[in-house]
């Protein structure tokens, strides 16, 4: 089965953002705790599955993406996309977020468990984590970028994974990614920030206000 035939989790845009007094549509990031909780609640209530190829062409639906930032002390894991990956438009770009499309999880108790298991899969597909037991996971925002073609059909659940001090992180496919640790001041330097993928820029701006 090709990746565009994969069955992925989607939420109808009108169900996610609501209408009238219940409308929570925004551009960029939503950080208010009550609004973030309500948006996650709506994802839980209304999610369904759709063929990925159809979802990518249908802005009436949003594809929830767990988007995790790995933190250790005051450093954030940052990676650069190399030429060995499949997305040419992202070559050379920097990112602080790890994540991807979600699939149904058999026997999951709730949406939070679906989110957690998909996030765990995505992290372990791209990275090798050692001594990560005890990591603290926290949702700090929701990302919505309707100003780009890709963003119109995706919505990000922005998550911080705070790793223990002795944790180690390495990229799994060294021909595709190159990893390093950077502080928030380093990430906001223009020479670095301007090379960030759009969602990473939004994530960094949220981290600056934590």
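The values are calculated or read from the model by the stated rules, or taken from the named source; none is laboratory data. If you're wondering where the values come from, they're calculated on a predicted model, not measured in any experiment. All Cβ positions, even for glycine, are placed from backbone atoms using ideal geometry, and neighbour counts span all protein chains on display.
Within this structure, residue 169 fails the test of being buried (at least 16 other Cβ atoms within 10 Å of the Cβ), in a strand (DSSP E or B), touching a residue at least 12 places away in the same chain (Cβ under 8 Å) and under 14 Å from the mean Cα position of the chain (by Cα).
Just name the residue that is surrounded by the most Cβ atoms within 10 Å (Cβ to Cβ) out of those in region 183-195 that are touching a helix residue (DSSP H, G or I) at 6+ places or on another chain (Cβ under 7 Å) and not in a loop (DSSP other than H, G, I, E, B). Break it down into steps so the answer makes sense when it comes.
So in region 183-195, the residues touching a helix residue (DSSP H, G or I) at 6+ places or on another chain (Cβ under 7 Å) come out as 184, 186-188, 192-193.
From the residues that got through so far, the ones that are not in a loop (DSSP other than H, G, I, E, B) too are 184, 186-187, 192-193.
On the way: 184: 15, 186: 15, 187: 21, 192: 14, 193: 15.
Filtering region 183-195 for residues that are touching a helix residue (DSSP H, G or I) at 6+ places or on another chain (Cβ under 7 Å) and not in a loop (DSSP other than H, G, I, E, B), the one surrounded by the most Cβ atoms within 10 Å (Cβ to Cβ) comes out as 187.
Within region 110-126, the set of residues being in contact with a helix residue (DSSP H, G or I) (Cβ under 9 Å, 6 or more places away or on another chain) and crowded, with 16+ Cβ neighbours inside 10 Å comprises 111, 114, 115.
Find the strands (runs of 3 or more DSSP E) located wholly in region 38-154 whose residues include 3 or more that are farther than 20 Å from residue 200 by Cα and modelled with pLDDT of 95 or more, and list them. Per the criteria, 48-51, 127-130.
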